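Just below is one structure, and these are the notes that go with it.
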C-alpha cells in the first residue's frame, strides 16, 4: 500500500526519553515510569500500566482543597513507546537542569519525568483576585512537556514585560510577578478595551506566551463556597 501518510507520519525514532512525534504529539520511550496528565494517552506499544496519582501527597491534597487547583496526574509504568496528546494542542519540551525551576499553568502540563518535583504555589502580587492566582512549580533535573494553544512566543524579560493572564502558560520561577492595571475611566462606562489587567514580570528569565486566551487557561476567582463563576486557572 502506498500513501503520503506513510512518509513523515511514521513513528519517530530517537534516543531521548521525551521526543516530539510531531508538533501536537509527545512520544515517550518508556523504560521505568513517567508522570502524565490524566486522559492524554492516545496510544502505546509494549507493556505499559497506568495508575491514578491524585494530588500526590497530603500537602498538595490540602492545597487543592483550599485553592481548587491541582494537576490530575497518572503514573505510567512499563517499557515501550507511549504517545500523549491533549486536544491537538502544540507540544513543547523543556529540559530542566539542576537548580532550575519553572512556573507552569496546570492546564499546560502534559507530562514530566518523576525526577522533577512539583507543588502548587500562589503567584506573587496577584492578591487583587479573591484567593489569588495559583500555578504549579516544577523543579529538579529532567524533561517536562507543556502544551500551548497555537504557536507560542518566548519573551525574554530584560525589559518590563506584561502578559494577559490567560495567555501566560509558563515562566522562569525566579521572576518577580505583579498585577498591572491599564483600565481607564472609559472602561467604567462601557467603553473599555477588555484588556484591563495583565501579569507583570520583572527580573532575568523568560515567559512563554501562547497564541490564545482560550478556554481552560484563565485565572480562577476563588470563593468561600467553592461554587459559582469567575475566572478559572485549574490544574
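In the range 183-211, of all residues being modelled with pLDDT under 65 and surrounded by 14 or more Cβ atoms within 10 Å (Cβ to Cβ), the one that is nearest to residue 90 (Cα to Cα) corresponds to 192.
Residues in the range 125-162 that are surrounded by 14 or more Cβ atoms within 10 Å (Cβ to Cβ) and modelled with pLDDT under 95: 10 in all.
Within the range 95-118, is there a residue that is in a strand (DSSP E or B), modelled with pLDDT of 90 or more and over 18 Å from residue 208 (Cβ atoms)? Yes, the conditions are met somewhere in the range 95-118.
The values are calculated or read from the model by the stated rules, or taken from the named source; none is laboratory data. Nothing here was measured: the structure is a model prediction, and the numbers come from that model. All Cβ positions, even for glycine, are placed from backbone atoms using ideal geometry, and neighbour counts span all protein chains on display.
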